[in-house]
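S.K.: Here you go, one structure.
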Amino acid sequence: MTRHNELRSITLDLESARQQGKWRKLAEHGQSLLLIPDLPDEARSLARGATSDGYFRWDDEEELRSLHYDDLLVPLQGDIPSTIDPADQYWLRGLLQEKRLSYQRRGDWRQIVKDLSTAIELSSMRSEYFFWRASVYGFHGSDYSRALLDCRKAIELDPAKATYFAGQGAIYIAAAATNHPLGDMDKGIADISHAIQLEPTWASLYWMRAQIYRTQEHDDKAIVDERNLCDIDPLLAARFFATRAKENQFHYEKAIHLWFAHF
């Protein structure tokens, strides 16, 4: 297969998974590509973006909790092969350790920051590196100042990436929830709204924004977002409403309705 045809095949495979919302497939395929020795730069860039977006948007908690992270990390431990981009290896190791910390509560966020910082030192123009370090700083270290600086850098490097605005919005909201001076619900909503403008079919963003509107007692806006969620992805909506079922009979009935309407 020629280099052109190889790149075209990789592009089509990744784009197909992205368009179908198969985030696990996107993450795992991108990850496997990053481990290929001497992968062309163009293909490596596509694989990096696929891995980053896939893992960020993969929202099946049961699957993420059951992943064998230790096995996935084995090829990334010790000396990094010279035929594989070392910056990507440090980044991928940091990303997988962040997921293990998030879903299995194992690991040290400071060590993860070290790996991601090493990746940035080796290659400082890759937006994914800054974005994942921002996630670690914000959601594990509660260092919202550094988290927001890294988010801004990621956005500066790739201003068309909805993922980065969604992540930055989530950091503003998380900071506000702890009464941190940098917390700002309005900025969080603005970032999530911008992410929706960039990618209007990203269903879970409507739910995220709806929940913020609920806390602000903007029920009319929340209802609009919940309806959009139901239109875009009724099964995801059913799952979200089911998580609220214990709090409210309406959410239970809505979840049941959406679930059976899908079949």
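Every number here is computed from the coordinates shown, using simple stated rules; none is lab data. Because the structure is a prediction, the values reported are computed rather than measured. So basically every Cβ, Gly included, is an ideal-geometry build from the backbone, and we count neighbours across all protein chains shown.
S.K.: Anything over 22 Å Cα to Cα? Flag those among LYS114/LYS153; LYS22/LYS153; LYS22/LYS187; LYS25/LYS99; LYS153/LYS187, in the order listed. Numbers along the way, then the final one.
M.R.: Numbers: LYS114/LYS153 18 Å; LYS22/LYS153 28 Å; LYS22/LYS187 29 Å; LYS25/LYS99 16 Å; LYS153/LYS187 17 Å.
Too far apart for the 22 Å limit: LYS22/LYS153; LYS22/LYS187.
S.K.: Using the beta-carbon distance between LYS22 and ASP186 and R0 = 41 Å, what value does 1/(1 + (r/R0)^6) give for FRET efficiency, to the nearest 0.05? Walk me through the intermediate numbers first.
M.R.: Numbers: r = 34 Å, r/R0 = 0.83.
Rounded to the nearest 0.05, the efficiency is 0.75.
S.K.: Related question: Would you calculate a helix-derived [θ] at 222 nm for the chain, using -39,500 (n - 2.57) for each DSSP H run of n ≥ 4 and dividing by the full residue count, to the nearest 500?
M.R.: Details: 15 runs with 197 residues, N = 263.
Value at 222 nm, helices only, nearest 500: -24000 deg cm²/dmol.
S.K.: Quick one: if the Förster radius is 30 Å, what FRET efficiency do SER145 and ARG227 give, using the C-beta to C-beta distance and rounding to 0.05? Mind dumping the intermediate values first?
M.R.: Details: r = 37 Å, r/R0 = 1.22.
Calculated value: 0.25.
S.K.: Still on this model: Suppose the chain between LYS114 and VAL74 were pulled fully straight at 0.36 nm per residue; how much longer would it get relative to their current alpha carbon spacing? Intermediate results must be reported in sequence, preceding the final value.
M.R.: Details: separation 40, 0.36 × 40 = 14.40 nm, distance 1.79 nm.
Going from the current span to full extension adds 12.6 nm.
S.K.: Among 231-239, 16-24, 212-220, 91-99, how do they line up by average Cβ neighbours within 10 Å per residue, starting with the highest?
M.R.: On the way: 231-239: 17.7, 16-24: 15.3, 212-220: 13.8, 91-99: 24.4.
Packing order, densest peptide first, comes out as 91-99, 231-239, 16-24, 212-220.
S.K.: Given R₀ = 22 Å, FRET efficiency for GLU156-SER123 by Cβ-Cβ distance, to 0.05?
M.R.: Details: r = 15 Å, r/R0 = 0.70.
About 0.90, to the nearest 0.05.
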